[in-house]
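Notes for the one structure printed next.
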Amino acid sequence: MQDDDTSTRPRIRIHERALRKLWAYIEACPQEIGGLGLVECSADALLVTEIFLPHQDVTPSTTDPLTAGGIDVLMKALLARGICLSKLRFWWHSHADSPVYWSHEDRKTVFNLSSQDFCLSFVGNRRREHRLRLDASVPFRTTFDRLPFETVLETDRELAELVRKEVAEKVRMQKPSFISRVLGASPDESPVEDAFPLIDAADRRRFP
C-alpha cells in the first residue's frame with residue numbers, strides 16, 4: 001500500500017556531512033554505485049547520521065553493494081565501533097547519468113531490506129536528481145515515496161574553537177552599569193526607590 005497523504009508522511013532528516021558524502025560518492029563514479037547508512041529513530045523523525053560504501057562490483061546499469069563480502073567487512077567495522085547493526089536502515093544507490101526511478105531490481109531490494117521492520121531508500125544521479133522512499137512492514141506493508149528531507153547543519157568544531165579563542169582575546173565583557181541595572185528591573189520592582197533609598201518621601205515628590 002502506498003500512502004500519498006502528505007499529512008501522514010514521516011519526517012526525514014539527513015546530517016549535512018552524510019549528505020555531502022553521499023553526493024560525492026555518486027558524482028565520483030560514472031557507473032552505478034551504492035551503499036548503506038545508519039538511521040536514528042526519534043519520536044518525530046528518522047535521522048540519517050552516517051553513510052558507508054562497501055566493496056562492490058558495478059556496471060553502467062547495475063550495482064550490488066549488498067554482496068556478502070562487502071557487507072561482512074562493513075558489519076565487522078561497525079561492531080568494532082560498538083554500533084548496533086539494527087541501525088543499518090538506509091540504502092542508497094545511484095543511476096549514474098540516467099533518470100532516477102525505482103527499477104524492478106530496486107523494488108526487490110527494498111522489499112527484502114524492509115521485510116523485518118523498515119528501510120529508507122535513496123536513489124540519485126550525477127545531476128543531483130533524487131528520490132527518497134520509506135518502506136515498512138510493521139504493522140502492515142506501506143510505502144511513502146517521493147519524500148522530502150531536511151538537512152541537519154553541523155557545527156564546524158575547529159572553526160567554533162577558533163572563534164571562541166578570538167572572542168576571548170578581542171572582546172571585553174563589562175559588568176552591567178548602574179543605569180542598565182535600573183532599566184533592567186522587572187515591572188513590579190521600584191527601580192527609583194531602590195536606587196535612592198536615603199531620599200525621604202517629601203524629597204521624592206520633587207522628582208518627576
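Only lysines eight or more places from residue 108 in sequence, or on another chain, were considered; those with a Cα closer than 29 Å are 21, 76, 87. The convex hull built on the alpha-carbon positions of the stretch 50-144 has an orientation-averaged projected area of 6.5 nm².
Distances over 24 Å make up what percent of all Cα-Cα pairs in the stretch 1-119? The partial results should precede the final answer.
Values: 1962 of 7021 pairs.
Roughly 28 percent, once rounded to a whole number.
Straight-line reach from residue 165: taking Cα to Cα under 17 Å and skipping same-chain neighbours fewer than 8 places apart, no lysines fall in range. A cut-off under 11 angstrom between Cβ atoms defines the neighbours of residue 105, and their net charge, with Lys, Arg +1 and Asp, Glu -1, is -1. Each peptide in 88-99, 11-22, 146-157 gets a packing score, the mean of other Cβ atoms within 10 Å over its residues, and the list from highest to lowest is 88-99, 11-22, 146-157.
Read-outs: derived from the displayed coordinates by stated rules, not from any lab. These figures come from a predicted structure and were not determined experimentally. No Cβ is skipped: glycine too gets one built from the backbone with ideal geometry, and neighbour counts run over all protein chains shown.
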